[in-house]
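Notes to accompany the following structure.
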Ligand code: ADP
């Protein structure tokens, strides 16, 4: 900017100087020429007068003796006029010369070839300038033809030029010095003029620099009504339009950003080279990235084969598909991709939806329906077959009829237990089961559980130990708490052989949480089953469980109920055999979920 500013001023100044110098040089030259010409004309006029005067003087002398008088006449006239006077006859011979004595005249060479003499003989008068070898100086000659008596005689005057040359050089000096003064003045004036001419331009440049430097609200000052003023006004108009445009672009951008960020699906735009030029925050989550992928290439953030699944080969049609995204830390995600090509820049808009959970849920649902049908099929078939057998005549055989009806009764109990558990589970999973969280006495709840399981305990002669302090209060839903304990204590009694031991104890954990432990000395559960044990219909030994009237849903219900009350549930092995199921509940209402878990998500009983 600065160089431009100086440049224009300097350029104008230099242009001015060049124009002034050329004008002055040519002016000086013309003046000098004119003066020299004028001076020469004056000299010629005065020389011609002198020549006429000499002619008159010569005519005073009688023609018969004139020839002898030329030398004296030349000498006298030369003295009077202070010039060399020469008389030359028509043949070119010098007959009288003020600078040559009469005795020497015969030695003077013929002058017919002299230019002034030749001109005079043909045009009456002639001039010439040359260096005289006789007087060794520059001389101006003027010759004139006079008719003296019968003869035509050339009278010639020779005027030294040294005074004229002095005059010319003085004149030149004068012109040069006045030109110099004029030049200095003109240079100063042109400097001022160029400065003044660029002042508004400079101001404009400064103001523009301020605007482009960030002060976008500022406008150019319109200080004159000339072209620069017009330019400033136009610039201001452009700036106003630009500001409005920027404001609307910013508004559009904010709207687009808000819309993009409001979309739960990942949205990103790629340019024609595959560089990501726009991405919403959901992209980071969907692709499990650490930071925004904007201005990176897809290949930089995803493995090559995954990129191919995400970006279809170029086509102007909308592409839809699904990819299995392998995650760096292991595991994978199912991503539904919709790619829409943008015609104008051959780019691509990619919409990505994480459908992993939907897929999982669909799979879980399929598994659940398959498992539920499988579980229901056996008792329903037994009921149907037994009923058919009865109808086919077994009713007549009393003992057989009793056996068959007993089997129908057992299977209907099993069916009702199964349907009851399925309903509980579906209520829990659908979220329609509302918990009534309150402070509950653990001792009282366990008391009710013991009552319900008393017969079973007694029939197996189980040694039951209750270590729950009677003053212990927990923040829980009373019926959910009761169902959890019923399922876990019931399982412990069910799977522990006769004369075994079942113990219910409690442990206070850090952060006002309490851990209930139901421990038995039964066969225990091999370690490999632990991760799947709380899944629906998961059984360690399906045959044995069914035999015992188990549905395979008890632990799944326990897990749902405990987690609904913000607790955790788990299982530890017991040495030498047996297992210990545990779950946590808060001691009061203000605790946060998961506050008692260790890093790996299990509860440490030693903590
Ligand atoms: P079920 O109705 O079959 O008991 P659960 O969900 O309550 O279903 O239990 C799932 C499986 O876990 C059972 O089939 C059984 O194999 C195993 N199990 C549960 N509790 C115990 C326990 N205390 N000792 C040994 N195995 C157990």
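Quick notes on this one:
- For the range 552-574, the criterion of being out of contact with any strand residue (DSSP E or B) (no Cβ under 6 Å at 6 or more places or on another chain), more than 7 Å from the ligand (Cβ to nearest atom), in a loop (DSSP other than H, G, I, E, B) and farther than 29 Å from residue 441 by Cβ is satisfied by no residue at all.
- Verdict on residue 12 being touching a residue at least 24 places away in the same chain (Cβ under 8 Å) and closer than 21 Å to residue 193 by Cα: yes
- Of the criteria (1) part of a helix (DSSP H, G or I); (2) within 22 Å of residue 127 (Cβ to Cβ); (3) touching a residue at least 40 places away in the same chain (Cβ under 8 Å), which one residue 28 fails: (2)
- Taken together, 546, 508 contain a single residue that is more than 7 Å from the ligand (Cβ to nearest atom), surrounded by fewer than 21 Cβ atoms within 10 Å (Cβ to Cβ) and over 27 Å from residue 422 (Cα atoms), which is 508.
Here's the yes/no breakdown for (1) within 16 Å of the ligand (Cβ to nearest atom); (2) part of a helix (DSSP H, G or I):
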| residue | (1), (2) |
| --- | --- |
| 406 | no, yes |
| 418 | yes, yes |
| 453 | yes, yes |
| 499 | yes, no |
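- The condition of being at pLDDT below 85 and near the ligand (Cβ under 10 Å from one of its atoms) does not hold for residue 536.
- Hits in the range 484-499 (condition: farther than 23 Å from residue 585 by Cα and in contact (Cβ under 8 Å) with a residue 60 or more places away in the chain): 496
- Among the residues of the range 513-530, those identified as within 10 Å of the ligand (Cβ to nearest atom) and either part of a strand (DSSP E or B) or free of Cβ contacts under 8 Å to residues at least 12 places away in the same chain (or both) are 518, 519, 520, 529.
- Among the residues of the range 316-348, those identified as more than 17 Å from residue 284 (Cβ to Cβ) and under 28 Å from the mean Cα position of the chain (by Cα) are 316, 338, 339, 340, 341, 342, 343, 344, 345, 346, 347, 348.
- Here is the figure for the range 463-497: residues that are away from the ligand (no atom under 12 Å from the Cβ) and assigned to a helix (DSSP H, G or I) total 6.
- Positions within the range 293-318 being crowded, with 16+ Cβ neighbours inside 10 Å and modelled with pLDDT of 80 or more, in sequence order: 293, 298, 301, 302, 307
- Residues of the range 350-386 that turn out to be surrounded by 14 or more Cβ atoms within 10 Å (Cβ to Cβ) and either under 46 Å from the mean Cα position of the chain (by Cα) or closer than 30 Å to residue 277 by Cβ (or both), as a count: 8
The values are calculated or read from the model by the stated rules, or taken from the named source; none is laboratory data. Just so we're clear, the structure is a prediction, and the values are computed from it rather than from any experiment. Using ideal geometry, Cβ is built from the backbone for each residue, glycine included, and neighbour counts are taken over all protein chains shown.
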